[in-house]
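Bear in mind that the values in this text are calculations on the coordinates, not laboratory data. Being a predicted model, the structure only gives us computed values, none of them experimental. Methodologically, a virtual Cβ is constructed for each residue, glycine included, from the backbone with ideal geometry; neighbour enumeration extends over all protein chains shown.
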Amino acid sequence: MRAIVCEQHGPPESLVLKEIDPPEIGPGKARVAVHACGVNFPDTLIIENKYQFKPALPFTPGGEVAGEVTEVGEGVTGVKVGDRVIAMTGWGGFAEEVVADAGALIPMPEGMDYATAAGFTMTYGTSLYALKQRGQLKKGETLLVLGAAGGVGLAAVELGAVMGARVIAAASTDEKLAVCREHGAAETINYTTENLKERTKELTGGLGADVIYDAVGGDAFDQAIRCINWQGRLLIIGFASGRIPELPVNLALLKGCQIVGVFWGAFTGREPEENARNTAELAKLYSEGKLKPHISATYPLEKAADALYGLINREAKGKIILTTR
Ligand SMILES: NC(=O)c1ccc[n+]([C@@H]2O[C@H](COP(=O)([O-])OP(=O)(O)OC[C@H]3O[C@@H](n4cnc5c(N)ncnc54)[C@H](OP(=O)(O)O)[C@@H]3O)[C@@H](O)[C@H]2O)c1
């Protein structure tokens, strides 16, 4: 099968497209013919050996795929050949086939195409867990989303609006903010040309945002903590800017706010039943037409480096997807 292989750590151009042996199947496993792979920020880090998971070389990156089950291993009951499924692979997904635990496969939501399915679970799963379980977002509250046109950010914008919050989307270009409006943002802030802290205060009558969703870190976090409402919740999602911010904790005292860590991957393993309820809720919202996942670019497998640079160069709006067939 064809696969993108990381033979030595480095930037996207060091990846190679190779013909390799398909992965072996075993008891409890299922083989999936991959139709599409989601490109996620961790893929840009794992190939540089800068991510929390460090697979041994050589390995294939790609943490999320959608495809069709072509073979099941001994003892598998819940999944059958022909099922359309999503697999969260950690790595190994930028390939024509993956083998995954059959019990962990997610049925594709009704009516969803492969490209959409390949970019759905991590983004919407993270953002629902962040806003619901971690942020306790309530109807009528103000939600400020940083990096709002990115993968997890745009999902947070949509889900925040569905949950009845007034969503303020903050991003680096007007083009990105226009997409955020199409996906439910009531207000927007261009943090390249506007002051994030001052503008958020203006838009909230001086109070600040009740919940802040931060997938960016760095300077955006430094401003955001200064425009959070009394008893607000600042959700720590990620550090796409490349800088993990440091917090003078007197600010948390003065604002009476909570700094809330969000680690969706750990949540799926530690609280599988709650995660299954979230997954079902997302599938229902999708089938009701309340979620409209946005794909800004689709590349063939051999262009994996270009797809990764789409994220690194901040070009993506919503998702970038690789297709394999
Ligand atoms: N905690 C969790 O469970 C969890 C789950 C999934 C992802 N994450 C993390 O969330 C973050 C976003 O992931 P994603 O897949 O949504 O990525 P993405 O689609 O690339 O979005 C990241 C956004 O960050 C902004 N950004 C600011 N400075 C940047 C820089 N120097 N390079 C790249 N982007 C920059 C960009 O928006 P502007 O151009 O508008 O600033 C971009 O849209 C990552 O740190 C990822 O590891 C965390």
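Report, in listed order, any pair from Lys29/Lys54; Lys132/Lys284; Lys18/Lys50; Lys138/Lys292; Lys29/Lys292 with a Cα-Cα distance greater than 26 Å. Checking Cα-Cα distances, Lys29/Lys292 exceed 26 Å.
Sorting Cys180, Cys6 by the number of Cβ atoms found within 10 Å of their own Cβ, with the fewest placed first, yields Cys6, Cys180. Of all the options Ala178, Ala36, Ala117, the one that moves most in a Gaussian network model of the chain with Cα springs shorter than 10 angstrom is Ala178. The mean sequence distance of close C-alpha pairs (under 8 Å, at least 6 residues apart), as a share of the length of the chain, puts its relative contact order at 18 percent. Annotation: aspartates and glutamates with alpha-carbon distance below 16 angstrom to Lys317 (same-chain offsets under eight excluded): Glu158, Asp174, Glu175, Glu182, Asp306. Counting only DSSP beta bridges with both residues in the chain, the antiparallel share comes to about 50 percent. Mean residue ellipticity, 222 nm, helices only, the chain: the sum of -39500 (n - 2.57) across DSSP H runs of n ≥ 4, divided by residue count and rounded to 500, is -8000 deg cm²/dmol. For the chain, the convex hull drawn through the C-alpha positions has a volume of 124 cubic angstrom per residue.
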